[in-house]
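The values are calculated or read from the model by the stated rules, or taken from the named source; none is laboratory data. Bear in mind the structure is a predicted one, so any value in this text is a computation, not a measurement. Cβ placement follows ideal geometry from the backbone for every residue including glycine, while neighbour counts extend to all protein chains displayed. These accessible areas exclude ligands, DNA and RNA; they are computed on the full protein's heavy atoms, side chains included. Shrake-Rupley method; radii C 1.70, N 1.55, O 1.52, S 1.80 Å.
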Amino acid sequence: MPGQVDGRVALVTGGGSGIGRATALRFAAEGARVVVADIVLEAGEETAQLIRDAGGEAQFAYVDVTDEDSVRSLVELTVNEYGRLDCAHNNAGILGPVAEFAEYRREDYERVIAVNVTGIWLCMQAELRQMLAQDPPEGGHSIVNTASIAGLVGSPTIPAYSVSKHAVVGMTNSVARGYGTRGIRANSVCPAIIDTPLAQPLFEHAESEERMRLRQAVGRFGEAEEVASMVVWLSSSDASFVTGTPIRVDGGALA
Ligand SMILES: NC(=O)c1ccc[n+]([C@@H]2O[C@H](COP(=O)([O-])OP(=O)(O)OC[C@H]3O[C@@H](n4cnc5c(N)ncnc54)[C@H](O)[C@@H]3O)[C@@H](O)[C@H]2O)c1
């Protein structure tokens with residue numbers, strides 16, 4: 001039976017860890033050829049190797065998403081390697097320090113915005129230029145950006161992160177509206193707390209891990225694979241009428 005994204009070319013940023021690694025593995029398991037991009041070489045290489053070990057096709061590419069030349073080279077490498085770009089998962093992100101709004105240091109705020117906002121902006125620009133030059137696959141080209149439930153409601157302890165994720169939702173919707181008639185869909189995924197390295201500082205600052213678990217209706221944190229399955233579905237032709245949607249993958253946290 002063909003996979004959900006059989007024969008497509010997928011690009012995943014932040015593919016060396018957590019949600020990005022899980023998505024890269026899932027894309028490959030569903031038949032895509034995958035470019036795994038990350039700023040940490042060993043981690044990204046490891047994901048690509050995991051895919052090849054499982055019989056899939058993958059290539060690692062270094063990227064710093066805050067650097068326009070680096071992002072442009074990433075898309076070029078993808079096209080040189082696999083001929084096209086069908087699905088992009090712009091997922092690289094950082095949490096930034098845990099601190100209240102009035103105490104938040106400007107340099108920390110700017111770093112969070114650089115990676116989480118400017119990074120996705122630059123990736124989408126380079127990806128859109130490539131996608132516009134190709135014929136869309138069935139169901140359209142797909143861009144999925146990793147936002148967060150912190151992009152839908154305020155977060156008093158990680159305010160810069162919350163600003164950045166609101167921006168991700170907004171720019172994704174703008175792209176969805178701007179390119180929908182040209183064969184390109186753009187959606188954002190909004191996870192609650194997922195058990196990855198990024199979330200660890202939240203546990204350290206929490207009054208009680210148990211109370212944090214209970215914020216999700218299902219009473220637990222999410223797994224990276226539970227976000228990956230949504231990203232890959234959004235990238236498939238089954239989601240052909242879904243665009244400009246911030247989709248919660250949050251165990252009912254905002255229900
Ligand atoms: N874990 C959660 O609870 C949670 C919840 C909601 C949203 N998210 C979002 O999911 C995404 C993935 O996070 P994760 O939890 O898997 O974290 P993670 O730390 O496990 O993975 C993030 C990856 O991004 C890479 N990265 C960081 N800066 C980069 C840069 N400048 N250029 C290229 N790569 C860079 C890191 O090297 C790492 O491999 C992030 O955007 C994060 O904000 C995470």
Quiz item: Out of ALA206, ALA239, ALA186, which single residue is more than 10 Å from the ligand (Cβ to nearest atom) and either without any contact (Cβ under 8 Å) to a residue 40 or more places away in the chain or open to solvent by 80 Å² or more (accessible area, probe 1.4 Å) (or both)?
Solution: ALA206
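Assess whether ALA255 counts as being over 20 Å from the mean Cα position of the chain (by Cα), open to solvent by 60 Å² or more (accessible area, probe 1.4 Å) and of a type in the set (A, V, I, L, M). Please lay out each step first, then the result.
Working: over 20 Å from the mean Cα position of the chain (by Cα): yes; open to solvent by 60 Å² or more (accessible area, probe 1.4 Å): yes; of a type in the set (A, V, I, L, M): yes.
Criteria met by ALA255.
When the residues of segment 32-47 are filtered to those that are surrounded by 24 or more Cβ atoms within 10 Å (Cβ to Cβ) and either among the acidic types (Asp, Glu) or assigned to a helix (DSSP H, G or I) (or both), which remaining residue is nearest to the ligand (Cβ to nearest atom)?
Filtering segment 32-47 for residues surrounded by 24 or more Cβ atoms within 10 Å (Cβ to Cβ) gives 32, 34-38, 44, 47.
Keeping just the survivors that are either among the acidic types (Asp, Glu) or assigned to a helix (DSSP H, G or I) (or both) gives 38, 44, 47.
Numbers: ASP38: 5, GLY44: 7, THR47: 9 Å.
Going through the qualifying residues, I end up with ASP38.
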Quiz prompt | Search result, residues across segment 11-31 that are in a helix (DSSP H, G or I), crowded, with 24+ Cβ neighbours inside 10 Å and within 7 Å of the ligand (Cβ to nearest atom) | solution = ILE19, GLY20
Exercise. Kindly establish whether ILE158 is in contact with a Lys or Arg (Cβ under 8 Å, 6 or more places away or on another chain) and within 16 Å of the ligand (Cβ to nearest atom).
Key: no
Quiz item: Of everything in segment 176-209 that's acidic (Asp, Glu) and outside any helix (DSSP H, G or I), which residue is farthest from the chain's Cα centre (by Cα)?
Solution: GLU207
Quiz item: Being in contact (Cβ under 8 Å) with a residue 40 or more places away in the chain, within 14 Å of the ligand (Cβ to nearest atom) and either open to solvent by less than 60 Å² (accessible area, probe 1.4 Å) or not in a loop (DSSP other than H, G, I, E, B) (or both), is that true of even one residue in segment 127-141?
Solution: no
Exercise. Check segment 171-181 and report whether any residue there is within 11 Å of the ligand (Cβ to nearest atom), modelled with pLDDT of 95 or more, open to solvent by less than 20 Å² (accessible area, probe 1.4 Å) and out of contact with any helix residue (DSSP H, G or I) (no Cβ under 7 Å at 6 or more places or on another chain).
Key: no
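So that you can scan it fast, the table gives a plain yes or no per residue for (1) within 23 Å of ALA114 (Cα to Cα); (2) assigned to a strand (DSSP E or B); (3) near the ligand (Cβ under 8 Å from one of its atoms):
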{"site": "GLN59", "(1), (2), (3)": "no, yes, no"}
{"site": "THR66", "(1), (2), (3)": "yes, no, yes"}
{"site": "ASN80", "(1), (2), (3)": "no, no, no"}
{"site": "ALA88", "(1), (2), (3)": "yes, yes, no"}
{"site": "LEU95", "(1), (2), (3)": "yes, no, yes"}
Quiz prompt | Among (1) more than 13 Å from the ligand (Cβ to nearest atom); (2) modelled with pLDDT under 95; (3) part of a helix (DSSP H, G or I) - the single one MET212 does not satisfy | solution = (1)
Practice problem: Give the number of residues within segment 145-162 that are in contact (Cβ under 8 Å) with a residue 40 or more places away in the chain and surrounded by fewer than 20 Cβ atoms within 10 Å (Cβ to Cβ). | Solution: 4
Exercise. For segment 209-236, name all the residues that are among the β-branched types (Val, Ile, Thr) and open to solvent by 30 Å² or more (accessible area, probe 1.4 Å).
Key: VAL218
Quiz item: Only one of (1) part of a helix (DSSP H, G or I); (2) touching a Ser or Thr at 6+ places or on another chain (Cβ under 8 Å); (3) open to solvent by 40 Å² or more (accessible area, probe 1.4 Å) fails for LEU122. Which number is that?
Solution: (3)
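Quick one: which residue in ARG105, ARG111 is open to solvent by 40 Å² or more (accessible area, probe 1.4 Å) and away from the ligand (no atom under 15 Å from the Cβ)?
ARG105
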Self-check item: Residue in segment 67-79 that is open to solvent by 70 Å² or more (accessible area, probe 1.4 Å) and touching a helix residue (DSSP H, G or I) at 6+ places or on another chain (Cβ under 6 Å) present
Solution: yes
Quiz item: How many of the residues in segment 132-151 are farther than 14 Å from GLY244 by Cα and hydrophobic (A, V, I, L, M, F, W, C)?
Solution: 4
